[in-house]
Amino acid sequence: MMKKMATGLLALAATGALAFATPATASAATSATTTAAATTAAAGSSDYDYSENWGSYFSSNHKAKARGWIGVEWDKYQKWNSVRVKGSLYDLDHRTYKQGGKCAYVKFAVHHFGDHDGQWYDGKSYTYCGAGGAKQFQFSKNRVDSVRVKVCQIPLHSSSPTRCGDWEYLYTAESE
């Protein structure tokens, strides 16, 4: 009997606490939604059927970072689409090149409709050498059902990325 009474009092206290917390939570949620809507609107999402901010994604040693926005616009018959990716690439490696410092590198891969063999095609890649700074980028592709991104580092005069993070999916047509 005592256990049931204690459980009842705890439930009552939790309900009261929830009632007091709800307005603050609702206010915070409204603020977060407003901030997210402003960010998305700034990226130009009103013209897109699907849009989302992505990232931040890092190289495996966290010395390169990329983040951005993706928008997908479909034709009126839903037969083809146009995908637009915008973003920033950050070089977080403050070492000199003599000390082993490297540049930031981001690589995109796309999969097209009808390519059932699992083939991914090189989308675009960008390199930025400038510790503490960032490089803006953007590109578009058509007839795309998936886009993924990988962030790496790359030596100053090299074409071979190192310290790559995992592939991260930015968009799949099934997710819409």
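For segment 92-100, the criterion of a residue being among the acidic types (Asp, Glu) and under 21 Å from TRP167 (Cβ atoms) is satisfied by no position.
Whenever a residue of segment 113-125 is farther than 27 Å from SER88 by Cα, its partners that are aromatic (Phe, Trp, Tyr) and in a strand (DSSP E or B), lying with C-beta atoms within less than 9 angstrom and at least six residues away or across chains, give the pairs ASP115/TYR121. Based on what the data block shows, is THR96 hydroxyl-bearing (Ser, Thr, Tyr) and either in contact (Cβ under 8 Å) with a residue 40 or more places away in the chain or not in a loop (DSSP other than H, G, I, E, B) (or both)? Judged against the criteria, THR96 is not a match.
A search for C-beta distances below 9 Å between a residue of segment 149-176 that is over 30 Å from GLU73 (Cα atoms) and any residue that is of a type in the set (Asp, Glu) and not in a strand (DSSP E or B), counting only pairs 6+ apart in sequence or on different chains, returns GLN153/ASP93.
If the requirement is being open to solvent by less than 70 Å² (accessible area, probe 1.4 Å), at pLDDT below 95, of a type in the set (Asp, Glu) and within 29 Å of TYR48 (Cα to Cα), which of these qualifies: ASP115, ASP122?
On the way: ASP122 fails: open to solvent by less than 70 Å² (accessible area, probe 1.4 Å).
Just a single option satisfies the conditions, and that option is ASP115.
With respect to the stated conditions, GLN153 is farther than 17 Å from GLU52 by Cβ and either within 16 Å of the chain's Cα centre (by Cα) or buried (at least 18 other Cβ atoms within 10 Å of the Cβ) (or both).
Let's see how each residue does on (1) buried (at least 18 other Cβ atoms within 10 Å of the Cβ); (2) among the hydroxyl-bearing types (Ser, Thr, Tyr); (3) within 24 Å of TYR48 (Cα to Cα):
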residue: GLY87; (1), (2), (3): yes, no, yes
residue: TYR97; (1), (2), (3): no, yes, no
residue: LYS102; (1), (2), (3): yes, no, no
residue: GLY130; (1), (2), (3): no, no, no
residue: VAL144; (1), (2), (3): yes, no, yes
residue: ARG148; (1), (2), (3): yes, no, yes
residue: THR162; (1), (2), (3): no, yes, no
residue: TYR169; (1), (2), (3): no, yes, yes
residue: GLU174; (1), (2), (3): no, no, yes
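Of all the residues in segment 63-85, those that are open to solvent by 60 Å² or more (accessible area, probe 1.4 Å) and in a strand (DSSP E or B) number 3.
The values are calculated or read from the model by the stated rules, or taken from the named source; none is laboratory data. Note that the structure is a prediction, hence the values are computed from the model and not measured. Positions of Cβ are generated from backbone atoms using ideal geometry, with glycine treated the same way; all protein chains shown enter the neighbour counts. Only protein heavy atoms, including side chains, enter the accessible area calculation; ligands, DNA and RNA are left aside. Shrake-Rupley method; radii C 1.70, N 1.55, O 1.52, S 1.80 Å.
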